Every structure is written in structure tokens, then in C-alpha cells.
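The values are calculated or read from the model by the stated rules, or taken from the named source; none is laboratory data. Because the structure is predicted, anything quoted here is derived from the model rather than measured. Quick reminder, even Gly has a Cβ in these numbers, built from the backbone with ideal geometry, and neighbours come from all protein chains shown. Keep in mind that these areas ignore ligands, DNA and RNA; they rest on the heavy atoms of the full protein, side chains included. Shrake-Rupley method; radii C 1.70, N 1.55, O 1.52, S 1.80 Å.
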Amino acid sequence: GAVVSQHPSRVICKSGTSVKIECRSLDFQATTMFWYRQFPKQSLMLMATSNEGSKATYEQGVEKDKFLINHASLTLSTLTVTSAHPEDSSFYICSARGGLAGETGELFFGEGSRLTVL
Amino acid sequence: KNQVEQSPQSLIILEGKNCTLQCNYTVSPFSNLRWYKQDTGRGPVSLTIMTFSENTKSNGRYTATLDADTKQSSLHITASQLSDSASYICVVSTGGSYIPTFGRGTSLIVHP
């Protein structure tokens, strides 16, 4: 089946620094990628939807200047957490749709990235 | 507003027992419904995907049902194993654009 790779799986950074998380579709072209945030024991919260070559669409309450999303190619989307603070510590997950998904709109998820801001 | 409601919020069962998780949705127009399993600290993994015309679909010990009239789905797990302990998420997508709406998930714990 389709594979989505996320990197890094874990990252620890100091408060005030920026962190970039990559999401790659390894064997299909992802026309749309989604970014989620998940707090412990809670469900996924959609942050933004990105389509290749266009600006991301952010969900209400998500700061676009805080969470920069770039979907420059059909196989790569990046999420940059700028000027990170401890409250940004969370589990970030991406999903990708397109290519092998065909008309079903099947979503394939990455393994997630655990961000800890000190 | 498109919504997906899952119940129960959490469930604890003994190994070997069966269980059923519920998903009710108000998403319109409906495109498909998917069940995902998410282990702690991992990304969700697809279990089943069902379109409007499908009533039931199985994947090993997992069987999903869909009633498009009542907008309800269930995920039945047979002969549970310790490895079934996870969060199970119901995702319903709208027609055309396939925008997904996520349920909050059911946390399943299987005890030996």
C-alpha cells in the first residue's frame, strides 16, 4: 500500500526556535496533504489542508504565521513551527491523498512527529 | 455542520471477547467512511473504507457495517487480542472534494 513518511519522528527544541517537519509520499503523488495536531488521549485535530502549488487552507483558530506550511511538490509538504513555545509541544501528524487513492479519496497517514519545546 | 460522533469514548474488555464501536455522522453529501486504528504515538492505519453502496466490509477480525439511511456505522472486533488496544477513529468524507471529518475516536483497552 501507499506509504507516507514523516521526519523527524521526535524533536526537542528550545523555546523561541523554529522546527521543520517533513511529510513525504513515497510511492504516489499527493495532490493534497493534511496536517493534524494531537494532544494526549485526544483525537486528531485538523490544522490545515495544503494542495500542491497553492497556499494552505488553515482551520479556524490555527495561526498561519505560526504554523507555516509549504507543499512545493507532489511528494513533499513541510510544516514549520515558528518561534516555538512549550504550549506547541504536541504530536503532529500528516496525511496524504491522491495518486493510488484514485476516486476514493483514501488517506494515508505518516507516523507522526513528537515535538517537545523546552 | 458536518459532524462525526463516536461511542463509547473508551472501552475496556477482556482478551478474547468481542466488541462493537459505533459511529454516527451528519456529513453531507456522503462520499465514504473509513475506520482507522491508531496505536499510541503512531500514525493512524486504515482498517476499512466503505462507499455508499456497501453495507459491510471485513478485514480479518475487523468487520465494519454501514447504514447510509440512518447514517450509522459500526466496527466489530472479534476475538480481541492485546494488540487491539488502540484508538479507533471514524472518518467520513464529503462527495467530490473528499474533505474528511474526523470522529474523536474510541479508546479500546484489551486486558489479559
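Considering each residue of segment B:75-85, count those that are surrounded by fewer than 17 Cβ atoms within 10 Å (Cβ to Cβ) and either within 14 Å of chain A (Cβ to nearest Cβ) or within 10 Å of the chain's Cα centre (by Cα) (or both), and give that number. Outline the logic, then answer.
Quick first cut of segment B:75-85, residues surrounded by fewer than 17 Cβ atoms within 10 Å (Cβ to Cβ) only: B:76, B:78-79, B:81-83.
After this cut, where a residue has to be either within 14 Å of chain A (Cβ to nearest Cβ) or within 10 Å of the chain's Cα centre (by Cα) (or both) as well, the list is B:76.
Result for segment B:75-85: 1.
Counting only residues that are surrounded by fewer than 20 Cβ atoms within 10 Å (Cβ to Cβ) and in contact (Cβ under 8 Å) with a residue 40 or more places away in the chain, which one in segment B:86-98 is nearest to the other protein chains (Cβ to nearest Cβ)?
Going through segment B:86-98, the residues surrounded by fewer than 20 Cβ atoms within 10 Å (Cβ to Cβ) turn out to be B:94-98.
Narrowing further to those that are in contact (Cβ under 8 Å) with a residue 40 or more places away in the chain: B:94-96, B:98.
Details: B:Thr94: 9, B:Gly95: 9, B:Gly96: 9, B:Tyr98: 3 Å.
The residue in question is B:Tyr98.
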| request: Looking at (1) touching a strand residue (DSSP E or B) at 6+ places or on another chain (Cβ under 9 Å); (2) within 14 Å of chain B (Cβ to nearest Cβ); (3) part of a loop (DSSP other than H, G, I, E, B), find the lone condition where A:Phe91 falls short. | output: (3)
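Can you find a residue that is of a type outside the set (Lys, Arg) and farther than 25 Å from B:Cys90 by Cα anywhere in segment A:57-65? Please lay out each step first, then the result.
At the first step, the residues of segment A:57-65 found to be of a type outside the set (Lys, Arg) are A:57-63, A:65.
Subset that is farther than 25 Å from B:Cys90 by Cα: A:63, A:65.
So far as segment A:57-65 goes, yes, one or more of its residues are of a type outside the set (Lys, Arg) and farther than 25 Å from B:Cys90 by Cα.
Taking the stated definitions as given, is B:Leu66 away from chain A (no Cβ under 13 Å) and open to solvent by less than 60 Å² (accessible area, probe 1.4 Å)?
On the way: away from chain A (no Cβ under 13 Å): yes; open to solvent by less than 60 Å² (accessible area, probe 1.4 Å): yes.
Against the criterion (away from chain A (no Cβ under 13 Å) and open to solvent by less than 60 Å² (accessible area, probe 1.4 Å)), B:Leu66 qualifies.
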| task | From A:Ser50, A:Ser77, A:Ser89, grab the single residue that is under 15 Å from the mean Cα position of the chain (by Cα) and open to solvent by 30 Å² or more (accessible area, probe 1.4 Å). | result | A:Ser89
| task | Output yes when any residue across segment B:12-33 is of a type in the set (A, V, I, L, M), open to solvent by less than 50 Å² (accessible area, probe 1.4 Å) and within 13 Å of another protein chain (Cβ to nearest Cβ), and no when none is. | result | yes
| request: Write out, first by first residue and then by second, each pair whose Cβ atoms fall under 6 Å of each other, whose residues are 6+ apart or on separate chains, and whose first residue, in segment A:63-85, is more than 21 Å from A:Arg114 (Cβ to Cβ) while the second is outside any strand (DSSP E or B) and charged (D, E, K, R). | output: A:His71/A:Glu52; A:Leu74/A:Glu52
| How about segment B:40-60: which of its residues are open to solvent by 60 Å² or more (accessible area, probe 1.4 Å) and outside any strand (DSSP E or B)? | B:Thr40, B:Arg42, B:Phe52, B:Ser53, B:Asn55, B:Gly60
| field | Residues of segment A:14-27 that turn out to be at pLDDT below 95 and more than 14 Å from chain B (Cβ to nearest Cβ), as a count | value | 1
| remark: (1) away from chain A (no Cβ under 12 Å); (2) without any contact (Cβ under 8 Å) to a residue 60 or more places away in the chain all hold for B:Thr48 apart from (1)
